[in-house]
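Each remark here refers to the structure printed beneath this line.
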Amino acid sequence: MRSAPLISLCEAQISAAQTNDLEAVTAVVEATEERVQQLARKYATGSGRTDPSLTEDLAQTGRIAVWECLGRFNGDTVAEFFTYVDRTLKGAMSDTRKVQTRQGVSRSVAAVFETALSLAGGEPYEAERLAADPEAMGDRRLSPATAYAARLSWQGVEYLDAPLGAGEAGETFTLADRLAAQEDVPADLLEPGDFERERRKQTSIRVRRTLARMSWDQGTVLMALTGIAPVSYYGADHDDQLAADHGIPRSMVRVTRSKAKDRFAEIWNADEKSNLAA
């Protein structure tokens, strides 16, 4: 992370942000945004290619992690906060990437497949072949069946048929069925990428659930503050544009944002207490 933005923060701002002070939270969000974007691109890049969709998902994961840092940080100095945020961002994005690319197989098998994927220039079918090739992988080679399973796991295919529950008539429905209903296409025409997009949407599910319980205007200005999709990042310095883009009275943006922050914290904390009690 470039040190200048974070160094521009002071201990008092960090402390105030931990008590949900709007201006202080905004300062922290803006100071960490560059690092969030930088790490998102890093963790979304493989075999020399950057996945734009994964980059955005990881950026959202990072923004959420910054919010959570404010609640968990118990240090005293800006330098300690710098270190804590950076470590948390790396851990959160790394975990998210692993969840998205290692479903259904062990870490060791996934690691071999990822090595083969790098050798294959990002082509999963060639990676499957290389993963089972003793000349390419040596003693780490996988059996053809395991290499096949690793490719399916990386693509997410097998989870399209995973049962999610029962319908009104008691019939079992799968992720493919749900996606088909959402996309209005037959389930057998769905591609692995359809599942991948569905899985990635779960990254920020708790934040989105909280936002869904808020009024439209409060949710919108809060998503704009940190750039949570589908609202673009506005921060707190582009209220004129935010008002024009989303039809919110300019005079109400700042007030709405302040109330939204308090409401978000109220819902978030209540949900957290509920989860702990359960």
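The values are calculated or read from the model by the stated rules, or taken from the named source; none is laboratory data. Everything numeric here is computed off the predicted structure, so don't read it as measured data. Virtual Cβ from ideal backbone geometry, glycine too; neighbours counted across all protein chains shown. Side chains included, ligands, DNA and RNA excluded: accessible areas come from the protein's heavy atoms. Shrake-Rupley method; radii C 1.70, N 1.55, O 1.52, S 1.80 Å.
Overview of results
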item	result
Among 23-31, 114-122, 232-240, the order from most to least packed when residues are scored by Cβ within 10 Å on average	23-31, 114-122, 232-240
Packing-based ranking, highest mean first, of 132-138, 64-70, 213-219, 53-59 given that Cβ atoms within 10 Å are counted	53-59, 64-70, 213-219, 132-138
Candidate residues LYS42, LYS261: accessible-area rank, largest first, probe 1.4 Å	LYS42, LYS261
Note, ³J(HN,Hα) from phi for the range 76-90, Karplus 6.51, -1.76, 1.60, rounded to Hz, x at Gly and Pro	10, 10, 5, 4, 5, 5, 3, 5, 5, 4, 4, 5, 5, 4, 4
Table column - 3J(HN,Hα) (Hz), the range 230-246, Karplus curve with 6.51, -1.76, 1.60, x for Gly and Pro	x, 8, 6, 7, 10, x, 10, 10, 10, 5, 4, 5, 4, 4, 5, 6, 10
